[in-house]
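Below you'll find the structure, written out as structure tokens, and then a few comments.
The values are calculated or read from the model by the stated rules, or taken from the named source; none is laboratory data. Because the structure is a prediction, the values reported are computed rather than measured. Glycine gets a Cβ as well: all are built from the backbone with ideal geometry, and neighbour counts include every protein chain shown. These area figures cover heavy atoms from the full protein model, side chains too; ligands, DNA and RNA do not enter into them. Shrake-Rupley method; radii C 1.70, N 1.55, O 1.52, S 1.80 Å.
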Amino acid sequence: MKTLIFLLSFLFVIVSANAALPPQFSECLRENSGTVMTVTDLKAISLLSRVTYCQNQVGIVGKTETMDLLRSPNIQVGISLSKTTYSQLDLMDLASSGSYVLYVDSGRLTRDNLIALAQANVQLVVMTATSGLSKADLLAIAAAKPFILNVNSAVSRVDLRDYVTAGVQVVIRTSQSGLSRADIIDVAQVNSEMVTIMP
């Protein structure tokens, strides 16, 4: 089955581990990953092909329409916390319709809010640069449910080792993390299946 992704450019990915990232992971991090297609369009296409829908702007697709998309098994949804206006209750309602990826790129939800969402089967992708979460917060979330940590800012090697030990899947952005090759190798040695390297 073919996979249809609404992108204008392709992101080259280097993966150094076997752990699978969700299909939405890299696509929805792109600035141009939105679509002008309607819900009707997306659902019609999903009858023949997998569709990745990235909700990274406030647009014509609102909560009700997104819930409808989540009920479609061939549509994979990624939602940006910073670029949408969903409340905690909205996000929990969305989770009742189907699983999705939530990009935690804003500090407007508390640690407890995020734990509740993770336990409702929402896949969290936490951005180190913009999530506003402390190490203690991240370890508390990991204790409740594993998540993905997108390392797009300077994070110490020691902290990353602790996150991997706690079951966090770490994605290291080599151009943004400030880590040396030796640092990355040291982190990967904790559990190489939980560490992915990207540009």
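Can residue 154 be described as more than 16 Å from the chain's Cα centre (by Cα), in a helix (DSSP H, G or I) and without any contact (Cβ under 8 Å) to a residue 60 or more places away in the chain?
no
Residues are listed down the side, and each one gets a yes or a no for (1) of a type outside the set (S, T, N, Q); (2) surrounded by fewer than 15 Cβ atoms within 10 Å (Cβ to Cβ); (3) more than 25 Å from residue 129 (Cα to Cα); (4) modelled with pLDDT under 90:
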position: 36; (1), (2), (3), (4): yes, yes, yes, yes
position: 46; (1), (2), (3), (4): no, no, yes, no
position: 58; (1), (2), (3), (4): yes, yes, no, yes
position: 62; (1), (2), (3), (4): yes, no, yes, yes
position: 81; (1), (2), (3), (4): yes, no, no, no
position: 86; (1), (2), (3), (4): yes, no, no, no
position: 109; (1), (2), (3), (4): yes, no, no, no
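Within the stretch 111-118, can one find any residue that is open to solvent by 10 Å² or more (accessible area, probe 1.4 Å) and within 22 Å of residue 191 (Cβ to Cβ)?
No, the stretch 111-118 contains no residue that is open to solvent by 10 Å² or more (accessible area, probe 1.4 Å) and within 22 Å of residue 191 (Cβ to Cβ).
What number of residues within the stretch 163-179 satisfy the criterion of being in a loop (DSSP other than H, G, I, E, B) and either touching a residue at least 60 places away in the same chain (Cβ under 8 Å) or open to solvent by 50 Å² or more (accessible area, probe 1.4 Å) (or both)?
Going through the stretch 163-179 one residue at a time, the tally reaches 4.
Considering each residue of the stretch 37-95, count those that are without any contact (Cβ under 8 Å) to a residue 12 or more places away in the chain and under 14 Å from the mean Cα position of the chain (by Cα), and give that number.
0
Determine, yes or no, whether residue 191 is among the polar types (S, T, N, Q) and farther than 25 Å from residue 30 by Cα.
Yes; evaluated as a whole, the condition is true for this residue.
Tell me which residues, restricted to the stretch 140-162, are within 12 Å of residue 187 (Cα to Cα) and either open to solvent by 10 Å² or more (accessible area, probe 1.4 Å) or at pLDDT below 95 (or both). Show your work before the answer.
Taking the stretch 140-162 as the starting set, the residues that turn out to be within 12 Å of residue 187 (Cα to Cα) are 155-162.
155, 156, 157, 158, 159, 161, 162 - these are the residues of the stretch 140-162 that are within 12 Å of residue 187 (Cα to Cα) and either open to solvent by 10 Å² or more (accessible area, probe 1.4 Å) or at pLDDT below 95 (or both).
For the structure I just gave you, tell me whether residue 136 is farther than 22 Å from residue 189 by Cα, without any contact (Cβ under 8 Å) to a residue 60 or more places away in the chain and open to solvent by 30 Å² or more (accessible area, probe 1.4 Å).
yes
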